[in-house]
1. Do we find a residue being over 18 Å from the mean Cα position of the chain (by Cα) and either closer than 25 Å to residue 18 by Cβ or surrounded by fewer than 16 Cβ atoms within 10 Å (Cβ to Cβ) (or both) anywhere in segment 155-163?
2. Are there helices (runs of 4 or more DSSP H) fully within segment 40-146 with at least 1 residues that are over 17 Å from residue 18 (Cα atoms) and touching a strand residue (DSSP E or B) at 6+ places or on another chain (Cβ under 7 Å)? List them.
3. Here are some residues: 157, 139, 153. Which one is outside the structural domain of residue 334 (by TED's automatic domain parsing), modelled with pLDDT of 95 or more, in contact with a helix residue (DSSP H, G or I) (Cβ under 8 Å, 6 or more places away or on another chain) and closer than 30 Å to residue 327 by Cα?
4. Considering only residues that are farther than 19 Å from residue 271 by Cα and without any contact (Cβ under 8 Å) to a residue 12 or more places away in the chain, which ones fall in segment 189-216?
5. Count, please, the residues in segment 302-322 that happen to be assigned to a helix (DSSP H, G or I), under 30 Å from residue 270 (Cα atoms) and either in contact with a helix residue (DSSP H, G or I) (Cβ under 7 Å, 6 or more places away or on another chain) or free of Cβ contacts under 8 Å to residues at least 24 places away in the same chain (or both).
6. Could you grab me the full set of residues in segment 248-266 that are closer than 17 Å to residue 153 by Cβ and in contact with a helix residue (DSSP H, G or I) (Cβ under 7 Å, 6 or more places away or on another chain)?
7. Taking the options 27, 56, 80, 74, name whichever one is modelled with pLDDT of 95 or more and farther than 29 Å from residue 145 by Cβ.
């Protein structure tokens, strides 16, 4: 088995490190955050991802997974180095902030004294890989024996362990054919299960992730645009999506109208792609992504307007219960969360907003101290003038509307995810509003 390092112990890096160790590899995971590394050494995962905690604990106990803050340890103990650091949106533009990637490469390169393989997994602007490959050759003592492969990640939060151990494809952007054999050994288990392997050049590999995310973002915004059309015509966007989804050229997945997408990937990836396209002189071809982004953000203001209308035209002093804070269920990630964006806008309009979420309340309390929080569903619903269902947790889908009706002041709910059953809620005496389909 290969000896691997994983640089960065965030969502991507820790998942990759633990899963690679579970496949039998010796893995040393690096981070500059000393407090985080000390926590990880105890087996505590600092974020919520189903199924990850037991793997981390098991692989620490096995000795296959270790943690360090020493670049020297990384270079000495591993021959294959995975770059798994973040590429957030820049604070000054829509472009990706590449400081973590470049910092990692520049710290590692001078310590690579023997033939090594560096594998980029972070999502980067097209053209990045070749520049990194040049840095590695120029700054590594091993020189031309230091190779780079670009191996994009395709993790879905909530399914990251499954996506790492049983990926739907493995993409390798290479400049040396011999590196393919090394990574075939690293990924031997999923490849033996039949996972497709796609070998390409650097630019193609860099574009795969952003192309996939751009397509998904466009598909989501497409159905949300039709949701508005359905609202003004009386049509049902869910039935519409079902009907067009039977067309195999289209498919039903990601055609669920609602409050749109958020998180740390889709929004920043489509914006970074637009920025890079502009740099390369093809900005006009990607104007559709600007429209998709605009439609997506408009869903948030629409929910605010729906809440205002439901309360007689004013939010001032209204007590609003928000079900959900994470950008999606089975995650505690609140980055660019539509739910919290809506909650914040309601607060700015004078409402008293209280939020519940099964996993994300700690982050909400740290980053949104102006919002109220409740530890239970019953507590968040207590005396509410209106309820907003904004994150599709199973716990919320299974609420008994008859049982909780007595808790609220007004039995009014806006289903921002279009998943609550109309007959069940209406028969229990609730006025329910959806996005793009008739309610009660």
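1. Going through segment 155-163, the residues over 18 Å from the mean Cα position of the chain (by Cα) turn out to be none.
No, segment 155-163 contains no residue that is over 18 Å from the mean Cα position of the chain (by Cα) and either closer than 25 Å to residue 18 by Cβ or surrounded by fewer than 16 Cβ atoms within 10 Å (Cβ to Cβ) (or both).
2. In segment 40-146, 71-77, 99-108, 128-139 are the helices (runs of 4 or more DSSP H) which contain 1 or more residues that are over 17 Å from residue 18 (Cα atoms) and touching a strand residue (DSSP E or B) at 6+ places or on another chain (Cβ under 7 Å).
3. On the way: 157 fails: modelled with pLDDT of 95 or more; 139 fails: closer than 30 Å to residue 327 by Cα.
Criteria check complete, one pass: 153.
4. So in segment 189-216, the residues farther than 19 Å from residue 271 by Cα come out as 189-202.
Matches in segment 189-216: 192, 194.
5. Quick first cut of segment 302-322, residues assigned to a helix (DSSP H, G or I) only: 302-310.
If we keep only those that are under 30 Å from residue 270 (Cα atoms) as well, we get 302-307.
After this cut, where a residue has to be either in contact with a helix residue (DSSP H, G or I) (Cβ under 7 Å, 6 or more places away or on another chain) or free of Cβ contacts under 8 Å to residues at least 24 places away in the same chain (or both) as well, the list is 303-305, 307.
Of the residues in that region, 4 qualify.
6. First, the residues of segment 248-266 that are closer than 17 Å to residue 153 by Cβ: 263-266.
Across segment 248-266, the qualifying residues are 265, 266.
7. Residue meeting the stated conditions: 56.
Results for (1) touching a strand residue (DSSP E or B) at 6+ places or on another chain (Cβ under 7 Å); (2) farther than 30 Å from residue 12 by Cα, shown as yes or no for each residue.
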position	(1), (2)
335	no, no
349	no, yes
384	yes, yes
412	yes, yes
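The values are calculated or read from the model by the stated rules, or taken from the named source; none is laboratory data. Everything numeric in this text was worked out from a predicted model, so none of it was measured. Glycine also receives a Cβ, built like all others from the backbone with ideal geometry; neighbour counts cover every protein chain displayed.
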